[in-house]
Each structure stands twice: as C-alpha cells, then as structure tokens.
Amino acid sequence: MDRENATPRELDQAVHGADIHDEGRPAPAGADDAVESDRDGELAHDAEDFAHEAAKPRIIGYTGGRVEADTNRFFVSKVYLLKEHRGRGLIASVVRFYERLCRERGLDAMYLTVNKGNEMAIRAYKKHGFEIIDAVETDIGEGFVMNDYIMEKKLK
C-alpha cells in the first residue's frame, strides 16, 4: 500500500467516485457540503492520507484530521476504507501514520470518534492502543443522530 498527499481532485475521487464513505449509513443532508468544507479546511492544512492498493492503481481509502492546540492532541476526523478492504489490517498503517505525525509535532495524544455499532472498528482501534474515554450523541440534523464513542491513544 502506498500513501500520498491528496489533491482536491483526488479527494473528490475518493469521496464520490470510489464511494468510500461509510456505506452502512445514509448520508445526511449537507454531507457533500461537509466534504467540500473539509477539502478547503482541515484536510488541506493538517493531514491527509490516501491508501492505494499496490496491485491496482485505485484509491481504496482516505483519512484526515487536525491538530487541536488547546488540548495538545490530534483529532482523527476521518478514516474511510472501501468495504472490501475493511478487516484486512490496514488500520495499522493509518495509526502508524498519525503516531509519527503526532510525535513530530510534540502532541500528547490522538483521538477519534467511532459509531458505537461499528464493532470491527472499535476492536481494531483497541488493538492499536486506543481506549474509550467517553460516549456522545450528536444531533446532525435531518433526523440523524450520531451515537459515538470517543477513543483516545496517549503517546507520551
């Protein structure tokens, strides 16, 4: 698997063309607008990474996040893989990428949110040192409520 920094065109391909967003959930109204703001905001300035399948030149996933200076942590806001590539150990590469980035920036920890029903992801994050530190429900509008765990991995 190779990784590279994303261009806006590649982000469009990953999000829309490859249908990487969580296929198990309907996209709420405004999801495209959120991706648009990410393209111009956090993904463009802090970290982005794409996973490429070595045998086939196509994007199989993407991830992004941002430094939160007030807590000296990195928020991993997105980790998406095509469904057929989940459960194959690729999260280890993503975690290593962010560990390196966080250490280079002198950050104490990284954290993310994960849907409480996403048992595969929860197991994977726990395997790589994340712990559940909180549970939150977030109303994102149009009748959708995110029911998530906040998971954190301390680095120091």
Query raised in the report: When you scan the stretch 49-67, how many residues do you find that are under 29 Å from residue 106 (Cβ atoms) and either among the basic types (Lys, Arg) or modelled with pLDDT of 60 or more (or both)?
Result: 7
Report summary line: In the set 125, 80, 111, the lone residue that is under 17 Å from residue 156 (Cα atoms) and surrounded by 15 or more Cβ atoms within 10 Å (Cβ to Cβ) is 111
Requested in this report: Scan the stretch 107-125 residue by residue and report those that are touching a residue at least 12 places away in the same chain (Cβ under 8 Å) and over 15 Å from the mean Cα position of the chain (by Cα).
Outcome: 107, 108, 109, 116, 117
Report task. Any chance you could count how many residues in the stretch 138-156 are among the basic types (Lys, Arg) and not in a loop (DSSP other than H, G, I, E, B)? Result -> 2
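The values are calculated or read from the model by the stated rules, or taken from the named source; none is laboratory data. Note that the structure is predicted; figures quoted are calculated from it, not measured. All Cβ positions, even for glycine, are placed from backbone atoms using ideal geometry, and neighbour counts span all protein chains on display.
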